[in-house]
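Participant: To start, I am sharing the structure in question, which I have written as structure tokens.
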Amino acid sequence: MIGRLARRTLTAHPVRSGVLAAGFGLGVAVMAILLGVAGIVLEQAQAPALAGGGDVQIRLTTAVPARLVLSGLLQSNALKPRVRAAAASHTSDLYLLNRGKATRISARGGVPSLERALSDPETATASAWRDSPADTAWTHSSPDAVLRVIDRFHGTPEVSEWSDSWAEWLYFNGRSNEARFYLTFLVGPRNADGTRPSSVRLQIERNGRLETFGARAALPEGDTASSPDLTIGASSVRLDGMRYHIHIDVVDVSGRKAVGDLTLDATAGRLVPPIEIAGARGWRTGYVVPVMAGRLGGTILVDGQPVSLADGAGYHDHNWGFWRGVSWQWGQVQQGDLAVIYGRVFPPREAADPETIPGFVGALGPDGPLGYSTDVRLVEENDEHGQPKRLTIRARGQSLDLDVRFDVASAITTHMAEGPLGSGMDFLQLRGQYTVNGRAHTREINFTAPGAAETFRGK
């Protein structure tokens with residue numbers, strides 16, 4: 001019935017029907033042409049050649065140092081052979097002033113030699129455009145220079161409410177067939193005379209026994225300027241290329257000495273870049289992992305007895321911030337060419353709501369990051385004495401899907417007294433066994449290995 005009615009309507013007014021059909025056809029044709037042209041224009045606008053060439057573009061915000069990306073992760077073994085040239089450009093708004101009138105214009109700047117290496121048509125014939133000394137220094141950065149940049153000490157912020165709780169430290173841990181150790185070089189808040197209290201603490205575990213050694217010194221403020229090169233008392237850290245040289249000379253409460261020299265090798269790309277959390281009234285804290293998993297070497301003489309750390313596995317991180325009322329959960333494990341790390345910081349409530357700070361889990365492979373997630377659930381189970389016996393971590397994300405269990409084997413408890421650098425809580429350093437299952441990107445992860453963790457107990 002409907003078909004018959006439509007047919008009679010069209011045949012009753014043939015001219016009108018023809019014009020209507022032609023109009024519809026023309027409209028559809030124009031729309032198809034416009035869509036096709038728009039697709040071509042969009043594709044050309046996004047073409048790497050218009051931005052200086054290349055096959056891959058990485059867009060960074062001003063908060064992410066492009067220099068660290070170019071000379072850090074891109075220098076990993078997996079990517080370095082595939083990088084023909086890397087060009088960096090910056091787009092910004094400028095204003096042209098003419099006869100008192102300001103005209104907003106768009107401008108893009110880059111490094112001349114790198115742009116030409118990618119056959120940028122706009123600069124290929126501009127022979128007068130050459131690298132400045134600053135360009136040369138920027139483009140010739142190396143993985144060891146990046147390591148020194150991310151592991152530097154930070155100046156004490158001028159925030160009166162928190163300034164007496166500012167501290168920064170270099171932390172190392174590692175294990176070999178003979179022992180496991182934890183080592184901290186800590187520099188505290190500035191004193192009235194301009195010096196900063198500092199300390200070295202070594203905990204070494206062997207044959208089921210834990211021994212603790214330490215040393216203290218007053219450090220002039222300027223002595224952190226060349227960090228991570230740092231000297232506290234008779235102990236020191238030196239970064240030479242991609243290798244950390246650590247000299248230890250500390251004593252225990254009975255006067256026994258622990259003296260030795262260690263080395264820890266870093267690898268380009270196998271790091272966690274700097275992460276900083278900011279809160280109310282100038283509060284901040286930060287964390288970076290320059291060595292996620294590295295080869296450890298050296299020997300420590302404990303009361304004259306040698307403890308070998310040769311062919312061991314080591315880890316190094318660097319912390320800074322305001323620490324009054326702060327606690328955290330942290331853990332790290334490595335197995336073969338894989339390393340997994342997790343953490344969560346709980347700031348004082350005056351600075352931020354602790355419940356709003358997410359946790360973090362990351363996985364690294366032999367050539368750099370495999371995946372990470374901030375959708376993390378961390379649960380601690382206690383024994384009958386209120387001490388942790390098991391930790392479970394669940395991480396879900398596009399690049400990471402992991403279930404981690406940590407069974408506690410032993411705990412070292414340190415009471416953090418009330419004060420600028422203490423919370424009045426018990427700080428627990430845990431040793432035990434990790435069981436990790438899941439995937440990072442396309443790689444399946446299933447292993448069991450010994451590892452370390454940290455947490456707090458108390459009010």
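The values are calculated or read from the model by the stated rules, or taken from the named source; none is laboratory data. Quantities reported herein were computed from a predicted structural model and do not represent experimental measurements. Cβ: placed from backbone, ideal geometry, glycine included. Neighbour counts: every protein chain shown.
Participant: Can you tell me which of (1) surrounded by 12 or more Cβ atoms within 10 Å (Cβ to Cβ); (2) modelled with pLDDT under 75; (3) polar (S, T, N, Q) is the one THR91 doesn't meet?
Facilitator: (1)
Participant: Looking only at the range 215-240, which residues are at pLDDT 95 or above, in a strand (DSSP E or B) and crowded, with 16+ Cβ neighbours inside 10 Å?
Facilitator: Within the range 215-240, ALA215, ALA217, LEU230, THR231, ILE232, SER235, SER236, VAL237, LEU239 meet the criteria.
Participant: Which ones in the range 95-139 are small (Gly, Ala, Ser), surrounded by 10 or more Cβ atoms within 10 Å (Cβ to Cβ) and in a loop (DSSP other than H, G, I, E, B)?
Facilitator: Residues satisfying the conditions are SER119, ALA124, ALA126, SER132.
Participant: Quick check on VAL307: is it modelled with pLDDT of 90 or more, in contact with a strand residue (DSSP E or B) (Cβ under 9 Å, 6 or more places away or on another chain) and assigned by TED's automatic domain parsing to the domain that holds SER163?
Facilitator: yes
Condition check ((1) in contact with a helix residue (DSSP H, G or I) (Cβ under 7 Å, 6 or more places away or on another chain); (2) surrounded by fewer than 19 Cβ atoms within 10 Å (Cβ to Cβ)) across all residues:
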{"residue": "GLY194", "(1), (2)": "yes, yes"}
{"residue": "THR212", "(1), (2)": "no, yes"}
{"residue": "VAL250", "(1), (2)": "no, no"}
{"residue": "ARG256", "(1), (2)": "no, yes"}
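Participant: While we're looking at this one, here's another question. Restricting to the range 315-338, name every residue that is among the small types (Gly, Ala, Ser) and in a loop (DSSP other than H, G, I, E, B).
Facilitator: GLY325, GLY336
Participant: If you go through the range 375-399 one residue at a time, how many are free of Cβ contacts under 8 Å to residues at least 60 places away in the same chain, within 14 Å of VAL340 (Cα to Cα) and of a type outside the set (Lys, Arg)?
Facilitator: 4
Participant: Name the residue, out of THR374, THR299, that is of a type in the set (Ser, Thr, Tyr), touching a Pro at 6+ places or on another chain (Cβ under 7 Å), surrounded by fewer than 23 Cβ atoms within 10 Å (Cβ to Cβ) and at pLDDT below 95.
Facilitator: The match here is THR374.
Participant: Would you mind finding the one in ARG295, ARG281, ARG270 that is in contact (Cβ under 8 Å) with a residue 24 or more places away in the chain and either under 21 Å from ILE204 (Cβ atoms) or in the same structural domain as ALA453 (by TED's automatic domain parsing) (or both)?
Facilitator: ARG295
Participant: Sort through PHE360, PHE346 and tell me the only one that's modelled with pLDDT of 90 or more, touching a helix residue (DSSP H, G or I) at 6+ places or on another chain (Cβ under 8 Å) and over 16 Å from PHE447 (Cβ atoms).
Facilitator: Of PHE360, PHE346, the one residue that is modelled with pLDDT of 90 or more, touching a helix residue (DSSP H, G or I) at 6+ places or on another chain (Cβ under 8 Å) and over 16 Å from PHE447 (Cβ atoms) is PHE346.
Participant: Here is a follow-up. Identify the residue in the range 106-156 that is touching a strand residue (DSSP E or B) at 6+ places or on another chain (Cβ under 6 Å) and of a type in the set (Val, Ile, Thr) and, among all such residues, is farthest from VAL288 (Cα to Cα).
Facilitator: Within the range 106-156, the match that is farthest from VAL288 (Cα to Cα) is THR156.
Participant: Are any of the residues in the range 292-303 in contact with a strand residue (DSSP E or B) (Cβ under 9 Å, 6 or more places away or on another chain) and either assigned to a loop (DSSP other than H, G, I, E, B) or at positive phi (or both)?
Facilitator: Yes: one or more hits.
Participant: Filter the range 388-404 for residues that are in contact with a strand residue (DSSP E or B) (Cβ under 6 Å, 6 or more places away or on another chain) and among the polar types (S, T, N, Q); which is nearest to GLN332 (Cα to Cα)?
Facilitator: Only one residue fits best here, namely THR392.
Participant: Would you mention how many residues in the range 141-155 are under 14 Å from SER227 (Cβ atoms) and modelled with pLDDT of 85 or more?
Facilitator: Residues in the range 141-155 being under 14 Å from SER227 (Cβ atoms) and modelled with pLDDT of 85 or more: 8 in total.
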